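I have placed the structure first, in the form of structure tokens, so that the comments after it can refer back to it.
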Amino acid sequence: MTLVRCEVNGVYVAFSDATTVPLVVLADGDGRVLPIFIGIWEAISINSAKIKEVLPRPFTHDLFVDLCVKFTITLRSLQIDSIENGVYYAQLVLVSDHHEEYLDCRPSDGIALALRADIPIFVDESVLAAAGQKSDELPEIMDLTAFLQK
């Protein structure tokens, strides 16, 4: 497995004739992007973490990070390691008492946690090869914040 470090390029809404769908776009820094279609609440949570918005009450992702801190569990990284039939699979890498543990998670939840905990996001090269694309190949998209303000 070859892991490539990626950053969150942004949270968007993609448009087509049939639907409007939120997506998060990861970038590998080498010209490839990885669009991942997600739910609206996950998009809002990721966007909130990306812009470092502090809400009056914690989202579930904030609660998870707080729980890890209180119980001395370190969030080390997120690994998006496979794609099967258009579904991405990911694992959070956690450390407690010098013991590393992998926790299965949806990539959208993992990204929301990674941004809050300021941990790296890695994507397996095979996933980027299968689903990565150039920025100009993305569908028509609009920034989520701009979309919500319409």
Original post:
Where nothing but the Cβ of Lys and Arg (+1) and of Asp and Glu (-1) is charged, how large is the charge dipole of region 1-83 around its Cα centre, in debye to the nearest 20?
Top reply: 260 debye
**OP:** Name the residue farthest towards the positive end of the dipole of the chain from the options Leu103, Ser16, Ala117, assuming +1 on Cβ of Lys and Arg, -1 on Cβ of Asp and Glu, about the Cα centre.
**Re:** Ala117
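Treat every Asp and Glu Cβ in region 3-149 as -1 and every Lys and Arg Cβ as +1, leave all other atoms uncharged, and give the resulting dipole magnitude about the Cα centre to the nearest 20 debye. Could the numbers behind the result be given before it?
Values: 10 positive and 22 negative charges, 88 e Å.
Taking the Cα centre of region 3-149 as origin, the dipole is about 420 debye.
Ignoring everything except DSSP H segments at least 4 long, calculate the 222 nm mean residue ellipticity for the chain; use -39,500 (n - 2.57) per segment, divide by total residues, nearest 500. Walk me through the intermediate numbers first.
Working: 5 runs with 46 residues, N = 150.
Dividing the helical sum by the residues of the chain leaves -8500 deg cm²/dmol.
On a full-extension model of 0.36 nm per residue, what is the gain between Tyr89 and Met142, subtracting their alpha-carbon distance, rounded to one decimal in nm?
Working: separation 53, 0.36 × 53 = 19.08 nm, distance 2.53 nm.
Taking 0.36 nm per residue and subtracting the Cα distance, the gain is 16.5 nm.
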**OP:** Output the peptides 18-24, 76-82 sorted from most to least packed, where packing is the average of other Cβ atoms within 10 Å over each peptide's residues.
**Re:** 76-82, 18-24
Original post:
Of the peptides 109-119, 42-52, how do they stack up when ordered by the mean number of other Cβ atoms within 10 Å, highest first?
Top reply: 109-119, 42-52
Original post:
Once all Cα-Cα distances of the chain are split into 10 Å bins that start at 0, what whole-number percent is in each one?
Top reply: 11, 41, 35, 12, 1, 0
**OP:** Consider a paramagnetic label point 7 Å from the Cα of Leu63 along Cα→Cβ; state which residues of region 25-49 have an amide N under 14 Å from it.
**Re:** none
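No lab work stands behind these numbers, since they all come straight from the coordinates. Everything numeric here is computed off the predicted structure, so don't read it as measured data. Every residue, glycine among them, receives a Cβ derived from its backbone with ideal geometry; neighbour counts consider all protein chains shown.
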